[in-house]
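*Asks:* Okay, handing you the structure first.
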Amino acid sequence: MASSNPPFPLIKSDRIDSSMVSKRHRLNNDAERIGVCMSDMAGMKGLGVHKVRIPPNGESTEIHYHLQDSEWLYVLSGTGVLLLQDASESFDTSDDPKNGRIVGRVTSQSGEASSSNVKEHEIASGDFMGFQGGVLASKFAHSLRAGPDGLEYLMGGTRERIDVCCYPRLGIRDVFEKTL
């Protein structure tokens, strides 16, 4: 039986920086990130750790939250704004005797979530943000906007096999199945 060698665990900074690629968010054409998944480079499974740069005054992603995956961000350099939207939804956790226990049922709000309830919080080098996945994650739907000098940060989180990513301003919920 042939054995395969795992990737070397040390990824040098020059390799990380030369591996960074630009990517636009599929639901927000104004959101461009330049990044690389360092944990993939090291062959890690079950979690992701990315190095990300956002161009000056750029956006990171569409405002979102996860129903499974938890994520965190740590600002390395630059300044920006954390955009937070309370997109709280009602969850019914009653039991359905025919089909077993219902762990959550989303009751949609009337109409699309308004972007008028987005709050801005200044962020800078050394700041940390953590977003727990789960039914209460809608309280802190989030995105970033870089300041005039851009923003560089580390971003990581869990990689559950199934995740639901919710985009409250668009009224979209995407279900992702990952191969681990």
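Values quoted throughout were computed directly from the atomic coordinates according to the rules given, and no laboratory measurement underlies them. Here the structure is a predicted model, which is why all the values come from computation and not from measurement. Glycine also receives a Cβ, built like all others from the backbone with ideal geometry; neighbour counts cover every protein chain displayed.
*Asks:* Anything over 28 Å Cα to Cα? Flag those among 12/139; 12/45; 23/178, in the order listed.
*Replies:* Checking Cα-Cα distances, 12/139 exceed 28 Å.
*Asks:* Shifting gears a bit: Using per-residue counts of other Cβ atoms within 10 Å, averaged over each peptide, order 16-26, 31-41 from highest down.
*Replies:* 31-41, 16-26
*Asks:* Suppose R0 equals 22 Å; then what is the FRET efficiency for residue 139 and residue 29 from their Cβ-Cβ distance, rounded to the nearest 0.05?
*Replies:* Result of the calculation: an efficiency of 0.20.
*Asks:* Can you compute the FRET efficiency between residue 88 and residue 14 using 1/(1 + (r/R0)^6), with r the Cβ-Cβ distance and R0 = 41 Å? Round to the nearest 0.05. Could you put the intermediate results ahead of the total?
*Replies:* On the way: r = 44 Å, r/R0 = 1.08.
That pair, residue 88 with residue 14, gives E of 0.40.
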